[in-house]
Amino acid sequence: MGRRITRSASGIRTGHAGPPGPPAQDIHWAGERRSAIGVASLLGTALFVMDAGVGRLDVIRGALWGGLTVLVFVIMLPPRVSIRPGLLSTRGLLVERSVRTDRLVSVQWSDGVSQRLVLRDTEGGWVEIDPTVLVRNPAMWRCLDKDTRTSIRRGSLRYGATALCGLAARIDRETAHTVFKVSGLR
């Protein structure tokens, strides 16, 4: 086992031992990135073509449409989520966050139009992820589930065990549905 040095959310360098190896990553992220690029490109192209067709395209309007295209891409691009034993990381365009999953303090589930799972650790680190990332990626869920059980055993996870049980039930339903669908029983 190698010793890795990481920075917590507060900027403090912390070392932790963990097994080396590649992290489990969201296997659907590349497709979502392509979708964000495609939608933004189509919108930008449509705006430019319509404005040019009407004869009203100038430098200011072109900059406006270009800015709108970039804004749509930034909004649609999901953060890249990866997990390895003891550490879950998210990386967006500008911000990278990580949380020690074997030292979780709380797990909060925000229900609504866009569901989010917020994980906080003992070092002050936190990440916010879409729970469907875990539903779509069983390897990521298994790693997080194992580490949260470690947090429960250590007594550090004080809030959110019910949120994890709800997520586990959702993942079990999705898995059963997939098994039935693939086997032709549904």
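The values are calculated or read from the model by the stated rules, or taken from the named source; none is laboratory data. The model shown is predicted, which means the values in this text are computed figures rather than measured ones. Because the Cβ atoms are built from the backbone with ideal geometry, glycine has one as well, and the counts that use them run over all protein chains shown. Calculation scope for accessible area: heavy atoms of the full protein, side chains included, ligands and nucleic acids excluded. Shrake-Rupley method; radii C 1.70, N 1.55, O 1.52, S 1.80 Å.
Some observations on this one:
- Subset of segment 147-186 [acidic (Asp, Glu) and open to solvent by less than 70 Å² (accessible area, probe 1.4 Å)]: ASP147
- Residue count for segment 111-131, restricted to those that are open to solvent by 30 Å² or more (accessible area, probe 1.4 Å) and outside any loop (DSSP other than H, G, I, E, B): 4
Yes/no per residue for (1) at pLDDT 90 or above; (2) among the β-branched types (Val, Ile, Thr); (3) not in a helix (DSSP H, G or I):
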{"site": "VAL133", "(1), (2), (3)": "yes, yes, no"}
{"site": "MET140", "(1), (2), (3)": "yes, no, no"}
{"site": "LEU157", "(1), (2), (3)": "no, no, yes"}
{"site": "THR162", "(1), (2), (3)": "no, yes, no"}
{"site": "ALA169", "(1), (2), (3)": "no, no, no"}
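- Pairs, first acidic (Asp, Glu) in segment 38-57, second surrounded by fewer than 16 Cβ atoms within 10 Å (Cβ to Cβ) and part of a helix (DSSP H, G or I), C-beta under 9 Å, six or more apart: ASP51/ARG61; ASP51/GLY62
- Residues being at pLDDT 90 or above and open to solvent by 70 Å² or more (accessible area, probe 1.4 Å) - total across segment 94-109: 4
- Verdict on VAL74 being surrounded by 19 or more Cβ atoms within 10 Å (Cβ to Cβ) and either of a type outside the set (Asp, Glu) or more than 30 Å from CYS165 (Cβ to Cβ) (or both): no
- All positions within segment 47-57 that are exposed (fewer than 12 other Cβ atoms within 10 Å of the Cβ) and small (Gly, Ala, Ser): GLY53, GLY55
- For beta carbons closer than 7 Å, sequence separation of 6+ or different chains, a first residue in segment 157-173 that is within 15 Å of VAL118 (Cα to Cα) and in contact (Cβ under 8 Å) with a residue 12 or more places away in the chain and a second that is open to solvent by less than 30 Å² (accessible area, probe 1.4 Å) and hydroxyl-bearing (Ser, Thr, Tyr), the qualifying pairs are LEU157/THR148; LEU157/SER151; ARG158/SER106; TYR159/SER106; GLY160/SER106; LEU164/THR148.
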